[in-house]
1. Applying the selection to the range 228-256, what residues are modelled with pLDDT under 90 and hydroxyl-bearing (S, T, Y)?
2. Among what's in the range 257-284 and is at pLDDT below 80 and under 14 Å from the mean Cα position of the chain (by Cα), pick the residue that is most open to solvent (accessible area, probe 1.4 Å).
3. So F156 passes all but one of these: (1) out of contact with any Ser or Thr (no Cβ under 8 Å at 6 or more places or on another chain); (2) over 30 Å from D229 (Cβ atoms). Which condition number does it fail?
4. So if I check each of L114, L24, L90, which one is out of contact with any helix residue (DSSP H, G or I) (no Cβ under 6 Å at 6 or more places or on another chain), open to solvent by 80 Å² or more (accessible area, probe 1.4 Å), under 30 Å from L158 (Cα atoms) and in a helix (DSSP H, G or I)?
5. Taking only pairs six or more apart or across chains, which ones have beta-carbon atoms under 9 Å, a first residue in the range 49-63 that is touching a residue at least 24 places away in the same chain (Cβ under 8 Å), and a second residue that is open to solvent by less than 80 Å² (accessible area, probe 1.4 Å) and in a loop (DSSP other than H, G, I, E, B)?
6. Filter the range 33-69 for residues that are assigned to a helix (DSSP H, G or I), open to solvent by less than 70 Å² (accessible area, probe 1.4 Å) and of a type in the set (V, I, T) and give the result.
7. Could you grab me the full set of residues in the range 156-178 that are open to solvent by 50 Å² or more (accessible area, probe 1.4 Å) and of a type outside the set (F, W, Y)?
8. Do you know which of the residues in the range 200-256 that are part of a helix (DSSP H, G or I), over 28 Å from A99 (Cα atoms) and of a type in the set (S, T, N, Q) is most open to solvent (accessible area, probe 1.4 Å)?
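The values are calculated or read from the model by the stated rules, or taken from the named source; none is laboratory data. Owing to the predicted nature of the structure, the values given are computational and were not obtained by experimental measurement. Note: ideal-geometry Cβ built from the backbone for every residue, glycine included; neighbour counts use all protein chains shown. Just the protein is used for accessible areas: all its heavy atoms, side chains included, with ligands, DNA and RNA removed. Shrake-Rupley method; radii C 1.70, N 1.55, O 1.52, S 1.80 Å.
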Amino acid sequence: MTGAPGTGAPRGTRRRAAANALGLLFSAGMAFPLYWMLLTAFRPATEIHASPPRLLPGHLTLEHFRRALGSPTFWANVRSSVLIGVGTVLVSLLIGTLAAFALARFSFAGRKALVLVIIGVQMVPLAGLIIPLYLLLSDAGLTDSLPGVILTYLVFVLPFTVWLLRGFIAAVPVELEEAAMTDGCTRLGAFRRVVLPLLAPGLVATSVYALVQAWNEYVLAYVLLSSNDKQTLSIWLLSFQTSFGTDYGGLMAGATLTALPVAVFFALVQRRIGAGLAAGAVKG
């Protein structure tokens with residue numbers, strides 16, 4: 001009689017421990033490619049090609065990073081990636097926020113069809129858009145230009161931005177806007193003072209998605225940008241693959257440098273991503 005109530009706690013503890021162990025195993029599997037990239041970036045060339053490969057580092061070196069940073073076009077490619085990434089994020093947020101607000105708050109003919117079109121655009125394969133986009137940009141004189149690449153990236157970033165922000169705006173009670181307009185705010189003033197502060201988690205989450213897509217995109221940038229000094233970091237990584245072979249140390253060092261800005265940005269805003277809209281309404 002006394003032993004029965006106590007059996008639940010050890011069983012629950014074992015289940016929790018098994019779930020934690022499974023989660024740790026899954027996390028380790030997901031993190032292993034990142035660990036191997038960092039390990040290869042800091043290893044000497046002799047250890048990179050060692051057989052069998054070693055899971056733990058022996059000697060560490062910064063030679064691969066010095067060679068990557070000394071590349072002739074590295075800083076120019078960093079500038080191109082930053083301009084394209086920031087430009088894509090800002091334009092997609094500006095247009096996407098207004099479009100999402102219209103879809104979430106106003107009733108007009110064809111609204112449901114527009115939402116379906118926005119979702120359907122995401123299903124179009126990128127390879128099917130390359131030639132039409134290139135011809136359009138060529139007619140407009142925007143090939144081999146950063147603004148042309150930004151406009152092209154909006155084709156697949158903006159629909160998702162509108163769709164995601166529409167859900168965040170719909171979660172904001174419309175009564176808050178009506179109360180602000182009753183107090184004398186205009187529709188634009190209510191949007192700026194009520195909706196935008198509560199939309200901050202959605203804006204941050206959307207900006208992270210847009211930045212990752214624009215920063216890591218390869219195919220469109222490779223097709224549209226022909227000048228070496230205008231190419232992005234994802235194309236710059238190809239310089240470590242030559243007819244003599246692949247410089248794995250330099251490639252992994254370059255990949256680490258390429259991933260670092262996005263990782264830092266995510267670390268700075270990750271708390272805002274997890275913030276709830278309801279909590280924001282209470283705090284407001």
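1. S239, T242, S243, T246, Y248
2. Q270
3. Among (1) out of contact with any Ser or Thr (no Cβ under 8 Å at 6 or more places or on another chain); (2) over 30 Å from D229 (Cβ atoms), F156 violates only (2).
4. L90
5. Filtered contacts from the range 49-63: E63/P44.
6. Result: T40, I48.
7. R166, A170, A171, P173, V174, E175, L176, E178
8. Residue satisfying both the conditions and the ranking: N228.
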